[in-house]
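One structure is given here, and the rest of the page talks about it.
The values are calculated or read from the model by the stated rules, or taken from the named source; none is laboratory data. Predicted, not measured: the structure shown is a model, and the values here were computed from it. Counting neighbours? That spans all protein chains shown, and the Cβs are built from the backbone with ideal geometry, glycine included. With ligands, DNA and RNA removed, areas are computed over all heavy atoms of the protein, side chains included. Shrake-Rupley method; radii C 1.70, N 1.55, O 1.52, S 1.80 Å.
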Amino acid sequence: MPDAPRRDTRGIVDADGLFSRVRFRRHAPAEALRPYLEHYWLIDWDLPEPYASHVVPHPSVNVVFRSDAGPGGSGEVAGVAPELFGTKLEGRGRVCGVQFRPGGFRPFAPEHPVAEWTGRRLPLHEVFPRAADAAEPILAPDDEHARVAALDAFLLGLSPVPDPRADLAMGLVDRIREDRSIRRVAAFADAQGLSVRALQRLFTAYVGVGPKWVILRYRIHEALERAESASDVDWADLAAELGYADQAHLVRDFTATVGVPPTAYGAR
């Protein structure tokens, strides 16, 4: 369980371009929510011209409240996005988001496997029928700490149900994220005392995507951040470091996920 919000930019395409146009902050949730959440993320903007933001999503469910979606704003549940996600920011607006830990959303909606939400964005009331009017009190305050407090109140009001299987799924994803030596699903399952099928079922029910997808996605996140932060990445060395058979396999996965080859992305 993280002690504080992440400070990296992993997953954000052209992070410098985004941060030069918007105010982006992360906040830690209330203590009781930290077993389930990565962090809250807040964005405010006032743009003279539209800007398209793109993200290579984490294996996380998000709940997103937007002020620019009609009177009082709107809320939605965004399942794990299998592909590059893009959104258009224009005019003046505000977003308050909740990023759940991979595996951490299921205790809030225990009746449904998390794979049911994968690739989908649903109005908040379709997942949480009693939360139809949650957006306005979260988005309205100008003070961002008041917005964080409103997010805490909203999520605590959903009364998450403790679930040892969710704890197991969160712990396994954390290991994949932190340990670059985890490269093969079969070896990882065996190390955890699970069959491959049991591991896949757990991830489907609690994470929303399979363990192989998670392993590959965290590799691409690291490659993307390296391309953002360094001007002369040795892609062959990075491919070996991330466990790819060769540079060509890294280039293929990066290009398929981000839309351009890594060298072209780094040359921006």
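Taking the criterion of being in contact with a helix residue (DSSP H, G or I) (Cβ under 6 Å, 6 or more places away or on another chain) and touching a residue at least 12 places away in the same chain (Cβ under 8 Å), the residues of the stretch 174-196 that qualify are I176, R177, I182, V185, A189.
Considering the stretch 1-28, and only residues there that are open to solvent by 40 Å² or more (accessible area, probe 1.4 Å) and among the hydrophobic types (A, V, I, L, M, F, W, C), the residue that is nearest to I138 (Cα to Cα) turns out to be F24. Given E31, E38, which one is open to solvent by 20 Å² or more (accessible area, probe 1.4 Å), among the charged types (D, E, K, R) and modelled with pLDDT of 95 or more? The unique qualifying residue is E31.
Can V207 be described as under 30 Å from T263 (Cβ atoms), touching a Leu at 6+ places or on another chain (Cβ under 9 Å) and either surrounded by 13 or more Cβ atoms within 10 Å (Cβ to Cβ) or modelled with pLDDT of 95 or more (or both)? Talk me through it step by step, then tell me what you get.
Details: under 30 Å from T263 (Cβ atoms): no; touching a Leu at 6+ places or on another chain (Cβ under 9 Å): yes; either surrounded by 13 or more Cβ atoms within 10 Å (Cβ to Cβ) or modelled with pLDDT of 95 or more (or both): yes.
Answer is no for this residue.
V114 versus (1) open to solvent by 30 Å² or more (accessible area, probe 1.4 Å); (2) of a type in the set (A, V, I, L, M, F, W, C); (3) farther than 18 Å from A149 by Cα: which is the lone unmet condition? Condition (1) is where V114 drops out. Residues being in contact (Cβ under 8 Å) with a residue 12 or more places away in the chain, surrounded by 22 or more Cβ atoms within 10 Å (Cβ to Cβ) and not in a helix (DSSP H, G or I) are entirely absent from the stretch 117-128. Among the residues of the stretch 229-242, at least one is out of contact with any helix residue (DSSP H, G or I) (no Cβ under 7 Å at 6 or more places or on another chain), surrounded by 14 or more Cβ atoms within 10 Å (Cβ to Cβ), of a type outside the set (S, T, N, Q) and in a helix (DSSP H, G or I).
Could you tell me which residue of the stretch 1-27 is nearest to the chain's Cα centre (by Cα), considering only residues that are of a type in the set (G, A, S) and at pLDDT 90 or above? Steps first, please.
Filtering the stretch 1-27 down to residues of a type in the set (G, A, S) leaves 4, 11, 15, 17, 20.
If we keep only those that are at pLDDT 90 or above too, we end up with 17, 20.
Working: G17: 19, S20: 21 Å.
Among those that are of a type in the set (G, A, S) and at pLDDT 90 or above, it is G17.
Checking each residue in the stretch 76-93 for being in a strand (DSSP E or B) and either modelled with pLDDT under 95 or in the same structural domain as F254 (by the TED database) (or both) picks out F85, G86, T87, K88, L89, R92, G93.
Criterion first (part of a helix (DSSP H, G or I), open to solvent by 50 Å² or more (accessible area, probe 1.4 Å) and at pLDDT 90 or above) does A248 satisfy it?
Details: part of a helix (DSSP H, G or I): yes; open to solvent by 50 Å² or more (accessible area, probe 1.4 Å): yes; at pLDDT 90 or above: yes.
Against the criterion (part of a helix (DSSP H, G or I), open to solvent by 50 Å² or more (accessible area, probe 1.4 Å) and at pLDDT 90 or above), A248 qualifies.
Total residues in the stretch 42-63 satisfying the condition of being surrounded by fewer than 18 Cβ atoms within 10 Å (Cβ to Cβ), in contact with a Gly (Cβ under 7 Å, 6 or more places away or on another chain) and either of a type outside the set (A, V, I, L, M) or in a loop (DSSP other than H, G, I, E, B) (or both): the figure is 2.
As a summary of the residue check, R7 satisfies the conditions (1) part of a loop (DSSP other than H, G, I, E, B); (2) touching a residue at least 24 places away in the same chain (Cβ under 8 Å) except for the one numbered (2).
The listed residues are D167, D174, D152, and the only one of them that is surrounded by 17 or more Cβ atoms within 10 Å (Cβ to Cβ), over 30 Å from P71 (Cβ atoms), modelled with pLDDT of 95 or more and among the acidic types (D, E) turns out to be D167.
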